[in-house]
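**Q** The structure under discussion is supplied below as structure tokens; questions concerning it will follow.
The values are calculated or read from the model by the stated rules, or taken from the named source; none is laboratory data. For clarity, every value in this text was computed on a predicted model and none was experimentally measured. Quick reminder, even Gly has a Cβ in these numbers, built from the backbone with ideal geometry, and neighbours come from all protein chains shown.
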Ligand code: GLU
């Protein structure tokens with residue numbers, strides 16, 4: 001096989017979310033694994049809804065994820081090429097003008113349905129004579145343009161879905177150009193895929209029907225249709241579609257919450273596949289494990305709880321040097337190797353270190369029940385002299401046990417609550433030296 005060339009083609013009409021990042025990731029992993037090329041195409045033919053701000057943001061998001069591209073271009077720079085392709089199709093009689101209004105089309109659909117027929121466009125416009133067209137245009141109507149499908153079956157062997165067969169006689173001829181002259185995505189996408197030499201179109205299964213029409217357009221324009229892979233859509237942990245929640249699942253939002261790019265990539269690369277969902281430390285590992293054959297046909301379940309679990313696993317393995325700056329941004333006191341090594345086990349998201357900064361260095365309220373007051377006061381007097389080290393906790397609790405007779409939870413949990421103000425947290429032997437003698441004595445009321 002020659003090296004693949006793939007593209008990720010987002011429309012900059014909103015922020016990147018987990019759904020489109022999964023498509024980007026699958027394209028990227030495939031290209032990388034095959035020594036191929038990953039192109040970023042900005043689908044901004046819809047000039048009303050596309051913004052530069054969204055385009056810039058999606059590039060920042062992809063770079064943050066590590067999904068860097070070999071080349072990028074904007075469809076809005078290429079209208080001349082689309083016009084030329086449209087002209088070519090017109091010349092072949094494959095792009096024809098239609099004058100029905102949206103209301104008229106709606107009525108036709110309803111009539112077809114009421115007669116038990118599929119709501120497929122009836123091609124009435126093909127019957128119009130030049131005189132009819134001139135008359136309609138004189139009335140002020142502007143045409144939209146439809147591609148004339150062959151009426152035959154289009155077949156391809158989808159890398160995810162297996163053999164596909166679409167009967168184009170059951171489809172409406174797709175509108176390629178709107179009344180106002182603007183392009184829908186269908187034609188520009190094919191023109192660009194041909195020119196960029198795209199070998200594989202990898203996208204969500206909501207595009208399967210488009211593929212039927214687009215494969216015919218590829219052929220009409222003299223290109224060869226690329227291989228196709230259509231991945232099942234994402235659903236939430238509740239089994240529902242994610243569309244309503246995509247805003248909160250945007251990369252900007254997840255980054256702001258402190259998620260690691262590799263937890264997002266690990267999850268999105270593995271859900272809906274035959275691999276286990278596990279954290280991976282680098283994209284290279286995901287590349288090595290990627291295979292279209294592992295992607296199943298059922299929707300992939302995106303569960304935020306699972307994402308958090310993976311994030312925790314990744315965080316626990318992150319060396320101090322790689323997170324130092326981010327820790328410093330949370331709180332300068334967090335940018336300390338010993339502190340990081342101790343508290344990371346108790347964080348699912350990096351910004352949670354802020355809470356541990358308070359616990360270790362701040363002015364906490366010790367949790368001491370009335371009946372424990374005397375015990376805690378005695379314990380304070382037994383704290384070993386000198387600097388607190390990794391051994392202090394066991395030496396100290398042994399001494400407290402010998403003196404008071406307390407053991408187990410009554411000993412350890414009582415001291416933890418007094419020293420940290422909470423019942424859970426990092427290993428006390430490790431956290432005690434960070435708290436230090438002065439603060440420890442103060443918290444013990446000593
Ligand atoms: N802009 C299209 C979309 O986001 C691209 C689809 C494709 O990959 O061809 O749905």
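**Q** Out of 117, 90, I need the residue that is over 31 Å from the mean Cα position of the chain (by Cα) and either within 16 Å of the ligand (Cβ to nearest atom) or in a helix (DSSP H, G or I) (or both). Which one?
**A** Among 117, 90, only 90 is over 31 Å from the mean Cα position of the chain (by Cα) and either within 16 Å of the ligand (Cβ to nearest atom) or in a helix (DSSP H, G or I) (or both).
**Q** When the residues of region 33-52 are narrowed to those that are outside any loop (DSSP other than H, G, I, E, B) and surrounded by fewer than 20 Cβ atoms within 10 Å (Cβ to Cβ), which ends up farthest from the ligand (Cβ to nearest atom)?
**A** Among residues in region 33-52 that are outside any loop (DSSP other than H, G, I, E, B) and surrounded by fewer than 20 Cβ atoms within 10 Å (Cβ to Cβ), the one farthest from the ligand (Cβ to nearest atom) is 33.
**Q** When both residues are 6+ apart or on different chains and their Cβ atoms are under 6 Å apart, which pairs have a first residue that lies in region 1-22 and is free of Cβ contacts under 8 Å to residues at least 24 places away in the same chain, and a second that is more than 10 Å from the ligand (Cβ to nearest atom)?
**A** none
**Q** Let me ask something additional. Regarding residue 55, is this residue away from the ligand (no atom under 11 Å from the Cβ), modelled with pLDDT of 95 or more and part of a helix (DSSP H, G or I)?
**A** For residue 55, the condition - away from the ligand (no atom under 11 Å from the Cβ), modelled with pLDDT of 95 or more and part of a helix (DSSP H, G or I) - is met.
**Q** Considering only residues that are in contact with a helix residue (DSSP H, G or I) (Cβ under 7 Å, 6 or more places away or on another chain) and closer than 30 Å to residue 249 by Cα, which ones fall in region 220-235?
**A** Matches in region 220-235: 228, 229, 230, 231, 232, 233, 234.
**Q** Answer yes or no as to whether residue 245 is in contact with a helix residue (DSSP H, G or I) (Cβ under 6 Å, 6 or more places away or on another chain), free of Cβ contacts under 8 Å to residues at least 40 places away in the same chain and away from the ligand (no atom under 16 Å from the Cβ).
**A** No.
**Q** Does residue 150 satisfy the criteria of being in contact (Cβ under 8 Å) with a residue 24 or more places away in the chain, closer than 30 Å to residue 27 by Cβ and not in a helix (DSSP H, G or I)?
**A** yes
**Q** Considering only region 294-315, state which residues are without any contact (Cβ under 8 Å) to a residue 60 or more places away in the chain and either touching a strand residue (DSSP E or B) at 6+ places or on another chain (Cβ under 6 Å) or under 20 Å from residue 28 (Cα atoms) (or both).
**A** Across region 294-315, the qualifying residue is only 294.
**Q** For region 355-390, name all the residues that are without any contact (Cβ under 8 Å) to a residue 40 or more places away in the chain, part of a loop (DSSP other than H, G, I, E, B) and surrounded by 12 or more Cβ atoms within 10 Å (Cβ to Cβ).
**A** 362, 384 - these are the residues of region 355-390 that are without any contact (Cβ under 8 Å) to a residue 40 or more places away in the chain, part of a loop (DSSP other than H, G, I, E, B) and surrounded by 12 or more Cβ atoms within 10 Å (Cβ to Cβ).
**Q** Of the conditions (1) at negative phi; (2) touching a helix residue (DSSP H, G or I) at 6+ places or on another chain (Cβ under 9 Å); (3) at pLDDT 95 or above, residue 66 fails just one. Which one is it?
**A** (1)
**Q** Could you list all residues from region 347-368 that are modelled with pLDDT under 95 and more than 19 Å from residue 431 (Cβ to Cβ)?
**A** None; the set is empty.
**Q** Would you mention how many residues in region 418-439 are crowded, with 21+ Cβ neighbours inside 10 Å and either under 16 Å from residue 377 (Cα atoms) or free of Cβ contacts under 8 Å to residues at least 24 places away in the same chain (or both)?
**A** Selection size over region 418-439: 3.
**Q** Any idea which of 27, 20 is within 12 Å of the ligand (Cβ to nearest atom), modelled with pLDDT under 95 and either more than 23 Å from the chain's Cα centre (by Cα) or not in a loop (DSSP other than H, G, I, E, B) (or both)?
**A** Answer to the selection: 20.
**Q** Name the single residue that is surrounded by the most Cβ atoms within 10 Å (Cβ to Cβ) among those in region 392-416 being under 45 Å from the mean Cα position of the chain (by Cα) and within 21 Å of residue 339 (Cβ to Cβ).
**A** Ranking the candidates gives 415 first.
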